[in-house]
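Notes follow once the structure below has been shown.
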Amino acid sequence: MEEQKRVPKLRFTEFSENWNGVLFGDIAAFTKGKNISKSDIVDDGQTECIRYGELYTDYNEIIEEIVSKTNLPKDELVLSKINDVIIPSSGETQLDIATASCVLKNDVALGGDLNIVRTKQDGLFISYYLNSAKKKDIASLAQGNSVVHLYNHQLKGLKLNLPNLVEQQKIATFLATVDKKIAQLHQKKRLLEDYRKGVMQQIFSGELRFTKEDGSAYPDWEEKKFKEIYSFYSTNSFSRDKLNYESGKVRNVHYGDIHTKFSTLFDINEELVPYVNNDVDLSKVKKESFLQLGDLLIADASEDYDDIGKTIEVVNLNSEKVISGLHTFHARPNKHKMALGFSGYLLQNWMIRKQVMKIAQGTKVLGISTGRLGEIKFFIPSYPEQTQIANFLIAIDKKIAVVQTQISQNQQFKKGLLQQMFV
């Protein structure tokens, strides 16, 4: 009965024998990398290198393309061999440090704070295995508080269950194919995002213009101040403890969600928006303060310039009552008719972003005021051209969203495989 436990739930049909229980130290040799500081990284370096922090930011189980280079003398470095598995020896959390990658290149310099594992087993299989079935076991070995450490002697005692080399290679090759598909989708998304960024710059600089159906030109864009187009409405100051995600009659947009979650065009059917707790008094909320289609919600506080004044436009409320909360400005087009979706993109363009950054004030936390925001200048096209622009950019965003869905689906597929293909 005990032997049966060393068989994965999901397996290639040509394999049936039990996996062998071994200690990591019995099937691998362990060594350490040598320190490569951030200042040692140069664009024109002659030697490719990997620093431990890059395992968290740039790599997954497979390392084929190296992002960093150095000119440190090779005789002062520890160089990789194909099939090496590298694991950080320092990290911020126990789960972070339980990260393994297989280097598929020779002579890559391996930096300090890297545990190097050399084995005759399939290194890529080992990486996938350690990052899934053994992740919690590795995490439990790490020690420390603000910084956790993981040492080779601890890894040597790790208990593993391994199939024969042929099965290892088949599993690794299959999972690598899934990862390649995910990488291709990420690249497709990046290209679409780059195209979106470029075409927005062309549109809002006037370099790219749309035409009427008969081919004739639209009128010239008009220069306006923000306060000429939009009026401000009151917002509330409810903190997170006044909100919940279970039930309520009124939803509330929190500025933190504008920074981190919500899309440029805010569709309540696509976003997770908290309710105001039922015991909160909403009697003083004015009728005009409830959100309407075309309203802009602007984050008036941020810790960095990139996010100060980040803006979303309301394009669908599904007849729900929604208000705007703490550290937000609520703006609504006044006498000027604005095409739904256009304002959200308008406020993203770099010429406006630069003006918003310029009016931001503060040290640790940046802030903007409605008075200063109202003075920002920009050019706007006629309503029909606004509509064309909005529809064009929405179509691009839909393509990006489709690719993101495909990425998420493939990542879930991979997660399911990792949960079932190892013991």
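The values are calculated or read from the model by the stated rules, or taken from the named source; none is laboratory data. A quick note: this is a predicted structure, and the numbers were derived from the prediction, not measured. Virtual Cβ from ideal backbone geometry, glycine too; neighbours counted across all protein chains shown.
A few notes on this one:
- Qualifying residue in the stretch 187-210 (condition: hydrophobic (A, V, I, L, M, F, W, C) and part of a loop (DSSP other than H, G, I, E, B)): yes
- Scanning the stretch 249-280 for residues that are farther than 15 Å from Leu317 by Cα and either small (Gly, Ala, Ser) or not assigned by TED's automatic domain parsing to the domain that holds Leu293 (or both) returns a single hit, Gly256.
- Within the stretch 364-423, the set of residues being basic (Lys, Arg), touching a residue at least 40 places away in the same chain (Cβ under 8 Å) and loosely packed, with under 14 Cβ neighbours inside 10 Å comprises Lys364, Lys377.
- Elements of type strands (runs of 3 or more DSSP E) contained in the stretch 281-361, each with 1 or more residues being crowded, with 21+ Cβ neighbours inside 10 Å and of a type in the set (Phe, Trp, Tyr): 328-333
- Residue that is touching a residue at least 60 places away in the same chain (Cβ under 8 Å) and farther than 19 Å from Gly344 by Cβ, where the choices are Tyr275, Tyr305: Tyr305
- Residues (surrounded by 12 or more Cβ atoms within 10 Å (Cβ to Cβ), closer than 21 Å to Tyr383 by Cβ and touching a residue at least 24 places away in the same chain (Cβ under 8 Å)) located in the stretch 188-208: Val199, Met200, Ile203, Phe204, Ser205
- Thr13 falls short of the stated requirement of being outside the structural domain of Gln187 (by TED's automatic domain parsing) and of a type in the set (S, T, N, Q).
- Failed condition for Glu375, given (1) farther than 25 Å from Val199 by Cα; (2) among the acidic types (Asp, Glu); (3) assigned by TED's automatic domain parsing to the domain that holds Gln168: (3)
Here is a yes/no grid of residues against (1) under 35 Å from the mean Cα position of the chain (by Cα); (2) surrounded by fewer than 13 Cβ atoms within 10 Å (Cβ to Cβ):
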position: Pro219; (1), (2): no, yes
position: Phe226; (1), (2): yes, no
position: Asn236; (1), (2): yes, no
position: Lys249; (1), (2): yes, yes
position: Tyr255; (1), (2): yes, no
position: Leu265; (1), (2): yes, no
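- Looking only at the stretch 362-405, and only at residues there that are assigned to a strand (DSSP E or B) and within 22 Å of Phe262 (Cα to Cα), the one that is nearest to the chain's Cα centre (by Cα): Leu366
- Test: residue in the stretch 32-52 that is in contact with a Phe, Trp or Tyr (Cβ under 7 Å, 6 or more places away or on another chain), closer than 11 Å to Ile116 by Cα, in a loop (DSSP other than H, G, I, E, B) and at pLDDT 95 or above: no
- Selected residue (only one of Glu48, Glu65, Glu54 is in contact (Cβ under 8 Å) with a residue 24 or more places away in the chain, among the charged types (D, E, K, R) and in the same structural domain as Leu114 (by TED's automatic domain parsing)): Glu48
- Test result for Ile41, in contact (Cβ under 8 Å) with a residue 40 or more places away in the chain and in the same structural domain as Asp113 (by TED's automatic domain parsing): no
- Among residues of the stretch 53-79, those that are in contact with a Gly (Cβ under 6 Å, 6 or more places away or on another chain) and closer than 26 Å to Tyr129 by Cβ, counted: 1
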